[in-house]
1. Only Cα pairs within less than 10 Å get springs; with that Gaussian network setup on the chain, which residue of T17, T181, T169 has the largest fluctuation?
2. How many percent of DSSP beta bridges within region 110-209 run antiparallel, rounded to 5?
3. For Y193, what is the net charge nearby, where nearby means another residue's Cβ is under 15 Å from its Cβ and Lys, Arg count +1, Asp, Glu -1?
4. Using 0.36 nm times the number of residues separating A64 and L91, minus their current alpha carbon distance, what extension gain do you get?
5. In the chain, what percentage of the DSSP-assigned beta bridges are antiparallel, given to the nearest 5?
6. What is the fewest-to-most order of S94, S25 by other Cβ atoms lying within 10 Å of their Cβ?
7. Once amide H atoms are placed 1.01 Å from N in the peptide plane, what residues at a sequence separation of 5 or more from K71, or on another chain, have their amide H within under 5 Å of its amide H?
8. Calculate for the chain the 222 nm mean residue ellipticity that helices alone would give, adding -39,500 (n - 2.57) per DSSP H run of length 4 or more and normalising by residue count, nearest 500 deg cm²/dmol.
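Read-outs: derived from the displayed coordinates by stated rules, not from any lab. Values in this document were obtained by computation on a predicted structure and should not be read as measured data. Reconstructed Cβ throughout: ideal geometry from the backbone, glycine too, with neighbour counts over all protein chains shown.
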Amino acid sequence: MEGVTIVDHPLVQHKLTLMRDKTRSTKGFRQLLNEIGMLLCYEVTRDLPLENVEIDTPLAPMMAPMIAGKKLVFAPILRAGVGFLDGMLELVPSARVAHIGLYRDPQTLQAVEYYFKAPSDLADRRIIVMDPMLATANSAVAAVDRLKERGARDLRFVCLLAAPEGIATFRGAHPDVPIWTASVDERLNDHGYIVPGLGDAGDRMYGTR
Ligand code: PRP
Ligand code: URA
């Protein structure tokens, strides 16, 4: 699938299976989401450019690689996207954060925005949008629309599970934004839930149902 990277690392796949299990506790679910966030961060930053800088080790001067180019912004879609954030910030503590508050209207499945707060210099940054679930993709498309309105040009989208329908919609709306996901599941059900999926990510993460 063009523009889609499936992260098939055994640790990611193992942890995802633990999360799908309906008997997993809220605490366990949240912890696993955080751990997978860290692993997905490793994958989505794999091709960041490096530049050699001069340093002195205790023994000798040397030229050594450091990440170059645009600084990162992490953009979690609330609520469930926040589950990835701490793990990602562990690896990139200097990243800025853009919070995007969206919920899915249960009848229309359209995304409704209730909060948006982002750094002002999005045009100069590389933005990693994150949400565990890409179902209809209405939320992800709305989030990227909003970031682009504010100047963002260099974006990536990271999720845990994607539905084929959501990938098609997202790639149609934003072909310039590549996707990283741990799994492409079978389909959406009549209520717009991913099957087999893992249920409602926000509710499972916060114990709200
Ligand atoms: C869930 C999920 C995504 C969205 C995905 O959020 O976290 O944001 O649904 O569905 P879509 O691809 O069809 O838009 P929800 O709206 O349930 O809000 P929550 O995270 O606050 O629970
Ligand atoms: N949102 C979720 O949390 N889960 C789904 O399966 C679809 C949308």
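1. Greatest mean-square fluctuation among the candidates belongs to T17.
2. The antiparallel proportion sits near 15 percent.
3. -2
4. 7.8 nm
5. Percent antiparallel among DSSP bridges in the chain is about 40.
6. Ranking S94, S25 by Cβ neighbours within 10 Å, fewest first, gives S94, S25.
7. R126
8. Counting only the DSSP helices, I get -10000 deg cm²/dmol.
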